[in-house]
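Below you'll find the structure, written out as structure tokens, and then a few comments.
The values are calculated or read from the model by the stated rules, or taken from the named source; none is laboratory data. Small disclaimer: the values here were computed from a predicted structure and weren't measured. Positions of Cβ are generated from backbone atoms using ideal geometry, with glycine treated the same way; all protein chains shown enter the neighbour counts. Only protein heavy atoms, including side chains, enter the accessible area calculation; ligands, DNA and RNA are left aside. Shrake-Rupley method; radii C 1.70, N 1.55, O 1.52, S 1.80 Å.
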Amino acid sequence: MRLVLPIALPALLGLLAWTLRGTRTQLGVLLAGAGLHLALVLSLWWFPAAPTALLGLDQLGKLFLTITSVVFALAAAATVPYLEGHTHDAPSRPHRFVPALLWFLGAMSLVCLAQHLAVLWAAIEATTLATAPLIAYYRRRTALEATWKYLLLCSVGIALALLGTFFLGIAASTSPAGASLTLDGLREAAPAMARPWLKAAFVLALVGYGTKMGLVPLHTWLPDAHSQAPSPVSALLSGVVLNGAFLGILRFHEVALASGDAEFARTLLVLMGFVSIVVATAFMVRQRDYKRLLAYSSVENMGVLAVGVGVGGLAAQGALLHAVNHSLAKAGLFLLAGNVLKAFGTTVAADVRGVGRRLPVTGALMLLLALAVGGLPPFGPFMSEFT
Amino acid sequence: MTGSLLALILDRVLHVAVLLVLPPLLPGVVNRVKAIVAGRRGQPILQPYFELAKLLRKGAVYGHGTSWVFRAGPVAMVATSLVAGLLLPLGGRSAPLSFAGDVVAFAALLGLGRFFTVAAALDTGSSFEGMGASREASFGALAEPVLFLVLALLCVAAHGAGFEEVLEPVGAAAAALTHPVLLVAAASLFIVLLTENSRIPVDDPNTHLELTMIHEVMVLDHGGGPDLAFIHYGAAVKLLPLRGAAQPPAPALPGGRPGRPRACWWRAWWGRQWRWASPSPRWRGSACGACGTCWSPPARWPRWGWPRCCSTGGAEMSQLADFLLLWVVVLGLQAVATTRITAAVRAVALQGAALSFLPFALGHHLGALAMVLTCAVTLALKAVVIPLLLSRSIRAARVVHESEPFVSLHVSVMIAAGLIALAFSIGAQLVLPWPAPSRLVVPIALATLLLGFLVIVTRRKAVTQVVGYLMLENGVFIFGQALARELPFVVELGILLDVLVGVFVMGIAIHHISREFDHIDVDALSSLRD
């Protein structure tokens, strides 16, 4: 029962925020929601809750849920100046922002808590739908273009992932354990699954959730969406949403591992990961817009995650550590980029000069985090990438 | 011996005589019936004969730029139609010319006739004729493969390769194919016949207006005289064999009795004239209902709407599932083949409606209440709410037509046909682990998926991309139905709701895009690139 709370609470608070109009009250609801969610998640660490039929918190889910909660709290805190109107662009529907954020939090919690693959799918689709209006917040032409690409590409990708889910169910029905789409049932049925259906399911899930995660060549929506969204939303997209898609792929990978026939899965993951790293780096070099640069860096880091999981063993643990590090560092970078944008009014890197003097704290932190994301010691990402 | 030889010669002579003399009677009857239906008295039934006689008496005028091709066109048309008529058995007798594979020769002869007509039209160098020729060629490119496929289907059903076997009413051979497939084949053949004979709605045989018509444009420059006589005669002759070819589906349907009593044939023939003459091709009246050889499906359909399946009881459900799935893929093709966005939305809505009855047809053993609830909710969401949302977006964005898709309509229809074939070949590899009530589930699910992708990728308007997304989801939904036992109702509802909210959010995005950009061409949404 307690597991429903991290989902239901943000959803209800979002509903409440929908009915309110005043900016201050909405912000209050948002910050309260973020704080309560964080408290709930931390309590789940010390006092675990019993799993139900469709919901359950295993170790993987707990890790991602914590990341979600922390990054959301940071982003919520950074939303304050945005809603107060101190931004360089005029928003058009400020009172839709907070409800969408809260519903996003609820959907994301469902992603981490889902034990049934179809529920996982529905939750990931819900995160797509909740973040779409957030990207289009400023209603600029470029923002609308980014939103449309995001909506269509991610929905089509996720539809393919749903097909993969169904294929996995069909594969499971060939085994004596019977067809079931819950993770436990699938893990049980895995060794006896019909291989063609299992492989097809994994490929579809990789392509489908890989679209949402930002693996090349399905990443084309990512630079646009992450750079056109307001900075707190970019932080959430890079730090949380990509992790959610990664979790989806991980669930399928678990089933493939349990079947004992995971070679093809590992090869595919490593391949796509490497291609992502190479292509993203190539694009990063020619970037002139610093937010797009950060977005491509997210693509690259997702590639690192895929390679880590593909190699397996210690590398898989390193990949999970990297997920944590990357989320925190990237979210921080995007929020600081928001500060820079507010101060300078442009996202073109060449026009931004003298950050060290105008915003010394921002500048210093950005430098540190950039080094961190680049993988330099003694920061966390160095350790995780090294592993 | 001599007696049977004499009978054979007499038979052949009679066949050739009927073939030569009868054709102009058909347009005469057609025109008379049209006139009567329109409330006029109409021309005499024998009027075409009088016209042919008048034209043959006139002289001919040939342009200076034309060559022998122009003069050969009408002659070739008559010649090929007559030889094609010789291949076709008429009146339950055997044809004068018959050999294995004569169905292919039949189609080839018609194609040859079309080639010469088109060549003659191009020979004049006139732009009107050229336009008509290109239209005729493109319609032919679509109609001929269909004709071939339907004839091949009938040959497979009859286990033979000639008209002899195909037109024999063999009940046992017909049972080898499912009923709905024959329905679709017959419908396709009907449309091909309308195209080949330049009937409404493809062409208007009574006018020679250049800018709207196909066949009549090409004959514009064959001014009066024997050439025009040949053309009219050739068109009438073509009408006869093709109408004869329309008979096969009738005896192949279950319930067709072998053999055709001659009196009945005559009555049935007049009944078919009536149907062909009616201005609306959808009007089906059957003058003769006695023997089962007339093509009159509505008389067979029970009042609750789906066709009576063959008498083996357990196969009824699989017939229903087959019927629904075939309907789904035909609607998918319609959505690909139309430029009118509202028509595409309607096609997808009907697809959703068909799919909502699929759980019932696939025989899932949920409780009765759960079954009704699932079907009702799916129907409400897929066939009512989502199309309503899309219609609102369309009206707000003020678009009606898909202007210039990235791939032209003809090509996208052909690609769609190719994708359906691909889906069937992949479906042969991916066999469901349990015996499904219908063999068509996996291939048609894949086909709908691929068609959805095609629409998303080749269309320019954002709304049509949403239609493509819905088709994609329908395809995935069919797969989900195969798993219905393992999907709790709540989860299925969740998936449906997600799609609904997805369409809602997409509609809002389209609304904003149309307000900001004044159009919804996704082609123009390309300013963000590296």
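Buried accessible surface for the A/B chain pair comes to about 3800 Å², total over both chains, computed with a 1.4 Å probe. Near B:Val522, once Lys and Arg are set to +1 and Asp and Glu to -1 for all other residues with Cβ below 11 Å from its Cβ, the sum equals +1.
Within the shell of other residues whose beta carbon sits under 12 angstrom from the beta carbon of A:Thr127, the net charge comes to -1, with Lys and Arg scored +1 and Asp and Glu -1.
For chain A, compute Rh as the Kirkwood radius over C-alpha pairs and then the Stokes-Einstein diffusion coefficient at 37 °C and 0.692 mPa s; write the answer in µm²/s, rounded to an integer.
Approximately 157 µm²/s, per Stokes-Einstein.
Proximity of backbone amide H atoms, modeled 1.01 Å from N, is registered between A:Ala262 and no other residue at under 5 Å, excluding neighbours fewer than 5 places apart on the same chain. Per residue, the Cα convex hull of region A:146-252 amounts to 82 Å³.
The local environment of B:Asp498, defined by Cβ-Cβ distances under 10 Å, has a net charge of -2 under the rule Lys, Arg +1 and Asp, Glu -1.
Roughly speaking, what is the centre-to-centre gap between region B:66-135 and region A:135-163 when only Cα atoms are used, to the nearest Å? Taking the Cα centre of region A:135-163 as reference, the centre of region B:66-135 is 53 Å away. The distance linking region A:50-80 with region A:224-282 is 18 Å (Cα centroid to Cα centroid, whole angstrom). Candidate membrane-span-like segments in chain A, meaning DSSP H helices with Cα atoms spread over at least 20 Å of their own axis and a Kyte-Doolittle mean of 1.6 or above, are A:5-19, A:97-113, A:117-135, A:263-285, A:360-374, with no membrane implied. Tell me, which residues of region B:499-530 get at least 50 Å² less accessible area when the other protein chains come in, versus the chain alone (1.4 Å probe)? Hits at the 50 Å² cut-off: B:Val505, B:Met506, B:His512, B:Glu516, B:Phe517, B:Leu525, B:Leu528, B:Asp530.
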